[in-house]
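Novice: Would you mind keeping the following structure in view while I ask a few things?
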Amino acid sequence: MKTLAILGSTGSIGRQTLQVVESMPEKFRVVALAAGANLEELAGQIARHRPQLVSVADAAKAAELLERLTQAANGAGLPEIEHGREGLLSVATHPEADTVVSAAVGVVGLEATYAAVKAGKRVALSNKEVLVAAGELVMAAAKAKGVELLPVDSEHNAIHQCLRAGRASEVRRLILTASGGPFRRTPLAQMAQATPEQALAHPNWRMGKRITIDSATLVNKGFEVIEARWLFGVEPKQIEVVIHPQSTIHSMVEYVDGSILAQLGPTDMRMPIRYALTYPEREGSNGVELNWDALRRLDFEKVPPRKFPCLRLARRALEEGGAQTCALNAADEIAVEAFLERRLPFSGIARVIEGVLDEMPKVALGSIDDVLAADGEARRLARLEVESVAESSEKTSVRVSEIDRVQ
Ligand code: NDP
């Protein structure tokens, strides 16, 4: 039986992880859960799985959770409740957990995931920001500890599966597929003024808000290029991105003889989650199957660079190295937040990222403290950049509406 600690248990990936666990109760036991603010969901998870330890975002939420659980407990045992940074670290290093599912969103899960690796835990990694911000450090720690990082992200999960067919030295290229998001067919001019509702309407996947917006700008694919570079130890130029609107092929590996292996499946994250949790075995499915009758065609397109500048910016950050990919993630997180709060136009997300990459001191990151300091500095720069981009966009739109009036 595997024992699990889950960071981000109340999110999209966290909830689907628990569905997988619940479908195989004889295989897994949940010993610790960490969430942010969704106490309703967390209380249900605690009732079903009876973990020994839970953690929430802050002290107020911890007190609220204790009260809620005490009222519902009827004398039954309560889990230990922690909160904040320390709480996340305790969940990630729980002595009884052999596997940690890293599924918190953003850099909040970084330190805890790193601590899990250092503690020798096997990590099922969904929180891609961990490798974007600190890939070199995390992979070095994993190597030193002999820890396996099993990718949950469907593209990397697909590549992990395809790589089982050959040797690392035989790999020519990794080919990441991208759905193209909701704006694949939207003209550039319209895209610039897209609303949060439009950007959140992903055609193929139901996910958390941040990653859904990141899929609309394609910065998510840039993050995945960075993630692939570290997970699989390939050079950035060996990683290609191709638009594949059906999202049926989750990604591919091309070998030196020109042979290309693809992994196909339905768009259901429980599949890669199950693979990561049960690896190296394969276990019965969650009943999700590819519907061959509905599958009429598989299309592929190049990524139009002018429409999706964030992909170029992510590659630039990877090439420049050091703190740049950490800055990329932080700037994007702040820009997405501002876009969702309607303080920044959609096209402003790329402008904020570019501004921060230009401004960010080019330094190497030797420790997690360095990463967190770079993350803080990039956020500070990003907030300034959001203000200046928002101001200049407002002026532009006033000018445009004045022209409209004159005409
Ligand atoms: P969600 O937004 O749905 O969930 C995020 C989780 O993080 C929630 O459990 C949330 O808690 C928790 N969280 C937020 N802040 C804190 C905090 N301060 N302390 C502890 N926990 C916190 O995100 P997703 O599940 O969509 O994504 C999770 C990660 O997986 C991301 O890195 C994403 O890029 C990646 N990913 C997601 C995919 C998907 O299909 N969803 C696919 C591939 C990768 P709460 O809700 O309680 O506040």
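The values are calculated or read from the model by the stated rules, or taken from the named source; none is laboratory data. Bear in mind the structure is a predicted one, so any value in this text is a computation, not a measurement. So basically every Cβ, Gly included, is an ideal-geometry build from the backbone, and we count neighbours across all protein chains shown. For the accessible areas, the whole protein counts, side chains as well, though only heavy atoms, and no ligand, DNA or RNA atoms are used. Shrake-Rupley method; radii C 1.70, N 1.55, O 1.52, S 1.80 Å.
Novice: Limited to the range 347-376, what total is found for residues that are in a loop (DSSP other than H, G, I, E, B) and within 16 Å of Glu129 (Cβ to Cβ)? Before the answer, list the steps.
Specialist: First pass over the range 347-376, keeping only residues in a loop (DSSP other than H, G, I, E, B): 347, 360-367.
The next check asks that each one be within 16 Å of Glu129 (Cβ to Cβ); those that pass are 365.
The number of residues fulfilling the criteria is 1.
Novice: Okay, moving on. From the set of residues in the range 154-171 that are within 16 Å of the ligand (Cβ to nearest atom) and not acidic (Asp, Glu), which is farthest from Ala276 (Cα to Cα)?
Specialist: Ranking the qualifying residues of the range 154-171, first place goes to Ile159.
Novice: Quick one: count up the residues across the range 236-268 that are modelled with pLDDT of 95 or more, within 14 Å of the ligand (Cβ to nearest atom) and assigned to a loop (DSSP other than H, G, I, E, B).
Specialist: Total satisfying the criteria: 0.
Novice: Would you confirm whether or not the range 314-324 contains a residue that is within 16 Å of the ligand (Cβ to nearest atom), within 16 Å of Ala178 (Cβ to Cβ) and either of a type in the set (A, V, I, L, M) or in contact with a Ser or Thr (Cβ under 6 Å, 6 or more places away or on another chain) (or both)? Step through it out loud before you land on a result.
Specialist: Step one: list which residues in the range 314-324 are within 16 Å of the ligand (Cβ to nearest atom), which gives 314.
Pick out the ones that are also within 16 Å of Ala178 (Cβ to Cβ) and you get 314.
Adding the requirement that they be either of a type in the set (A, V, I, L, M) or in contact with a Ser or Thr (Cβ under 6 Å, 6 or more places away or on another chain) (or both) leaves 314.
Yes, the range 314-324 contains at least one residue that is within 16 Å of the ligand (Cβ to nearest atom), within 16 Å of Ala178 (Cβ to Cβ) and either of a type in the set (A, V, I, L, M) or in contact with a Ser or Thr (Cβ under 6 Å, 6 or more places away or on another chain) (or both).
Novice: Here is a follow-up. Could you list, in sequence order, all residues of the range 84-99 that are more than 10 Å from the ligand (Cβ to nearest atom) and among the charged types (D, E, K, R)?
Specialist: As a first pass, look at the range 84-99 and keep what is more than 10 Å from the ligand (Cβ to nearest atom): 86, 89-90, 92-99.
The answer is Glu86, Glu96, Asp98.
Novice: Given the conditions (1) within 26 Å of Ala133 (Cα to Cα); (2) crowded, with 17+ Cβ neighbours inside 10 Å, which single one is not true for Gly233?
Specialist: It is condition (2) that Gly233 fails.
Novice: Anything in the range 246-295 that is among the hydrophobic types (A, V, I, L, M, F, W, C), within 25 Å of Leu18 (Cβ to Cβ) and open to solvent by less than 50 Å² (accessible area, probe 1.4 Å)? List them, or say none.
Specialist: Pass one, the range 246-295, residues among the hydrophobic types (A, V, I, L, M, F, W, C): 249, 252-253, 256, 260-262, 264, 269, 271, 273, 276-277, 288, 290, 292, 294-295.
This time we only want the ones that are within 25 Å of Leu18 (Cβ to Cβ), so: 269, 271, 273, 276-277, 288, 290.
Met269, Ile273, Ala276, Leu277, Val288, Leu290 - these are the residues of the range 246-295 that are among the hydrophobic types (A, V, I, L, M, F, W, C), within 25 Å of Leu18 (Cβ to Cβ) and open to solvent by less than 50 Å² (accessible area, probe 1.4 Å).
Novice: Can you name the residue in the range 108-136 that is hydroxyl-bearing (Ser, Thr, Tyr) and either modelled with pLDDT under 95 or outside any loop (DSSP other than H, G, I, E, B) (or both) and, of all such residues, is nearest to the ligand (Cβ to nearest atom)? I'd like the intermediate steps shown before the answer.
Specialist: Of the residues in the range 108-136, the ones hydroxyl-bearing (Ser, Thr, Tyr) are 113-114, 126.
Now restrict to residues that are either modelled with pLDDT under 95 or outside any loop (DSSP other than H, G, I, E, B) (or both): 113-114.
On the way: Thr113: 10, Tyr114: 15 Å.
This residue is Thr113.
Novice: Just name the residue that is farthest from Arg351 (Cα to Cα) out of those in the range 286-331 that are more than 21 Å from the chain's Cα centre (by Cα) and among the acidic types (Asp, Glu).
Specialist: First, pick out the residues of the range 286-331 that are more than 21 Å from the chain's Cα centre (by Cα): 286-302, 304-307, 320.
Right, trim to among the acidic types (Asp, Glu) and you get 289, 293, 299, 301, 320.
On the way: Glu289: 41, Asp293: 43, Asp299: 30, Glu301: 25, Glu320: 18 Å.
The extreme case among them is Asp293.
Novice: Does the range 33-45 hold any residues that are touching an Asp or Glu at 6+ places or on another chain (Cβ under 8 Å) and either open to solvent by less than 10 Å² (accessible area, probe 1.4 Å) or more than 13 Å from Leu88 (Cα to Cα) (or both), and which are they? So that I can check it myself, show each step before the final result.
Specialist: Of the range 33-45, the ones touching an Asp or Glu at 6+ places or on another chain (Cβ under 8 Å) are 35, 39.
Once the filter is applied, which keeps residues that are touching an Asp or Glu at 6+ places or on another chain (Cβ under 8 Å) and either open to solvent by less than 10 Å² (accessible area, probe 1.4 Å) or more than 13 Å from Leu88 (Cα to Cα) (or both), the range 33-45 yields only Leu39.
Conditions (1) among the charged types (D, E, K, R); (2) out of contact with any Cys (no Cβ under 6 Å at 6 or more places or on another chain); (3) more than 16 Å from the ligand (Cβ to nearest atom), marked per residue:
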| site | (1), (2), (3) |
| --- | --- |
| Met271 | no, yes, no |
| Gly287 | no, yes, yes |
| Asp293 | yes, yes, yes |
| Arg297 | yes, yes, yes |
| Phe300 | no, yes, yes |
| Arg306 | yes, yes, yes |
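Novice: Right, something else. Look at Thr3 and say whether it is open to solvent by less than 20 Å² (accessible area, probe 1.4 Å), away from the ligand (no atom under 13 Å from the Cβ) and within 24 Å of Val147 (Cα to Cα).
Specialist: On the way: open to solvent by less than 20 Å² (accessible area, probe 1.4 Å): yes; away from the ligand (no atom under 13 Å from the Cβ): yes; within 24 Å of Val147 (Cα to Cα): yes.
When the stated conditions are applied, Thr3 passes them.
Novice: Could you tell me whether Thr212 is surrounded by fewer than 24 Cβ atoms within 10 Å (Cβ to Cβ) and either away from the ligand (no atom under 13 Å from the Cβ) or of a type in the set (Gly, Ala, Ser) (or both)?
Specialist: Values: surrounded by fewer than 24 Cβ atoms within 10 Å (Cβ to Cβ): yes; either away from the ligand (no atom under 13 Å from the Cβ) or of a type in the set (Gly, Ala, Ser) (or both): no.
Judged against the criteria, Thr212 is not a match.
Novice: Give Ala97, Ala134, Ala124, Ala115 a once-over and let me know the one that is closer than 22 Å to Ala330 by Cβ, surrounded by 24 or more Cβ atoms within 10 Å (Cβ to Cβ) and hydrophobic (A, V, I, L, M, F, W, C).
Specialist: Numbers: Ala97 fails: closer than 22 Å to Ala330 by Cβ; Ala124 fails: closer than 22 Å to Ala330 by Cβ; Ala115 fails: surrounded by 24 or more Cβ atoms within 10 Å (Cβ to Cβ).
Residue meeting the stated conditions: Ala134.
Novice: For the range 174-195, does any single residue satisfy the condition of being more than 27 Å from Phe339 (Cα to Cα) and away from the ligand (no atom under 15 Å from the Cβ)?
Specialist: So the first thing to find is which residues in the range 174-195 are more than 27 Å from Phe339 (Cα to Cα), and the list is 174-175.
With the extra rule that they be away from the ligand (no atom under 15 Å from the Cβ), the set shrinks to 174-175.
Yes, the conditions are met somewhere in the range 174-195.
Novice: Can you tell me which residues in the range 259-298 are within 27 Å of Ala5 (Cα to Cα) and acidic (Asp, Glu)?
Specialist: Asp268, Glu281, Glu283 - these are the residues of the range 259-298 that are within 27 Å of Ala5 (Cα to Cα) and acidic (Asp, Glu).
For every residue, the table says whether it meets (1) touching a residue at least 12 places away in the same chain (Cβ under 8 Å); (2) acidic (Asp, Glu); (3) away from the ligand (no atom under 11 Å from the Cβ); (4) surrounded by fewer than 16 Cβ atoms within 10 Å (Cβ to Cβ).
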position	(1), (2), (3), (4)
Ile13	yes, no, no, no
Ser23	yes, no, yes, no
Ala47	yes, no, yes, yes
Gln71	no, no, yes, yes
Val101	yes, no, no, no
Gly106	yes, no, no, no
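Novice: Next question. Scan the range 137-185 for residues that are part of a loop (DSSP other than H, G, I, E, B), surrounded by fewer than 21 Cβ atoms within 10 Å (Cβ to Cβ) and of a type in the set (Asp, Glu) and jot them down.
Specialist: Glu148
Novice: Sticking with this structure for a sec: When the range 219-231 is examined, which residues are found to be closer than 14 Å to Ala335 by Cα and either touching a Lys or Arg at 6+ places or on another chain (Cβ under 7 Å) or more than 9 Å from the ligand (Cβ to nearest atom) (or both)?
Specialist: Here is the first cut: in the range 219-231, the ones closer than 14 Å to Ala335 by Cα are 219-220.
Residue satisfying the conditions is Val219 alone.
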